[in-house]
């Protein structure tokens, strides 16, 4: 019996789709029938994601994009429309951890890099995605915040500020679009086993990995696919009455 693919004929755009949570989410959308647009600065890894999507029988393209630049984000959305003639879903996932350290030792350059990528990039993405979704009569957007958007983390002050900002931005824009058929939510993962997680938490080291896992009451690190499944669900009709929400995916990290 053929399984119904609920996103058949729909188009999903994923920023930061070259690896980790972005790649897992791109594949999750594709498995449900969506055609996928991958945006990233890393061409080799992004083309690998495109290849993985094609292997499971869906379609995908890659558009090299620096999400901190308005002209590049506008081009990304224009390329999406010129290729597929519509945009239904977006996962604004691209982000950076920047350089960690005590706040008083941070540089203005590091502040600008983190805020431009993690917060400005999400704002620019929605700025150009929403008008195209309105042409379809609606859509769904999920922005990637973090558990660090809900609590403070020492030595990650700028990252925390950027991710708290994503939640506030998501709530405000969700209200703006609430009657227009566009739902906008965010996800807040704790430590997920990704390249970024490896860098920030030194997960290649066994002792550091075990200590980090122990920060989560569930007793382990998260998997990219667990975040991907939540993003796809938030975009689905099953979540049709949910907007402006921040979905925590943290193994209990923030409820301790």
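When 188, 235 are checked against the criterion of being in contact with a strand residue (DSSP E or B) (Cβ under 6 Å, 6 or more places away or on another chain), buried (at least 21 other Cβ atoms within 10 Å of the Cβ) and within 17 Å of residue 129 (Cβ to Cβ), a single residue qualifies: 235. Determine which member of the set 6, 48, 74 is modelled with pLDDT under 95, out of contact with any strand residue (DSSP E or B) (no Cβ under 8 Å at 6 or more places or on another chain) and either surrounded by fewer than 24 Cβ atoms within 10 Å (Cβ to Cβ) or part of a loop (DSSP other than H, G, I, E, B) (or both). Exactly one of 6, 48, 74 is modelled with pLDDT under 95, out of contact with any strand residue (DSSP E or B) (no Cβ under 8 Å at 6 or more places or on another chain) and either surrounded by fewer than 24 Cβ atoms within 10 Å (Cβ to Cβ) or part of a loop (DSSP other than H, G, I, E, B) (or both), namely 6.
With respect to the conditions (1) crowded, with 17+ Cβ neighbours inside 10 Å; (2) under 23 Å from residue 8 (Cβ atoms); (3) touching a helix residue (DSSP H, G or I) at 6+ places or on another chain (Cβ under 9 Å), residue 98 falls short on a single one, namely (2). Could you grab me the full set of residues in segment 147-172 that are outside any helix (DSSP H, G or I) and either buried (at least 21 other Cβ atoms within 10 Å of the Cβ) or on the phi < 0 side of the Ramachandran plot (or both)? Result: 150, 151, 152, 153, 154, 156. When you scan segment 126-146, do you find a residue that is surrounded by fewer than 17 Cβ atoms within 10 Å (Cβ to Cβ), outside any strand (DSSP E or B), touching a strand residue (DSSP E or B) at 6+ places or on another chain (Cβ under 6 Å) and at pLDDT 95 or above, even just one? Yes, some residue in segment 126-146 is surrounded by fewer than 17 Cβ atoms within 10 Å (Cβ to Cβ), outside any strand (DSSP E or B), touching a strand residue (DSSP E or B) at 6+ places or on another chain (Cβ under 6 Å) and at pLDDT 95 or above.
Taking residues in segment 185-206 that are on the phi > 0 side of the Ramachandran plot and in a loop (DSSP other than H, G, I, E, B), and partners anywhere that are at pLDDT below 90 and surrounded by fewer than 18 Cβ atoms within 10 Å (Cβ to Cβ), the pairs with Cβ atoms closer than 7 Å and at least 6 places apart or on different chains are 202/208. Within the bounds of segment 225-232, is there any residue that is farther than 16 Å from residue 93 by Cβ, surrounded by fewer than 20 Cβ atoms within 10 Å (Cβ to Cβ) and either free of Cβ contacts under 8 Å to residues at least 60 places away in the same chain or under 22 Å from the mean Cα position of the chain (by Cα) (or both)? The answer is no, given that none of the residues of segment 225-232 is farther than 16 Å from residue 93 by Cβ, surrounded by fewer than 20 Cβ atoms within 10 Å (Cβ to Cβ) and either free of Cβ contacts under 8 Å to residues at least 60 places away in the same chain or under 22 Å from the mean Cα position of the chain (by Cα) (or both).
The values are calculated or read from the model by the stated rules, or taken from the named source; none is laboratory data. Quantities reported herein were computed from a predicted structural model and do not represent experimental measurements. Cβ sites come from the backbone with ideal geometry, for glycine too, and all protein chains shown count toward neighbours.
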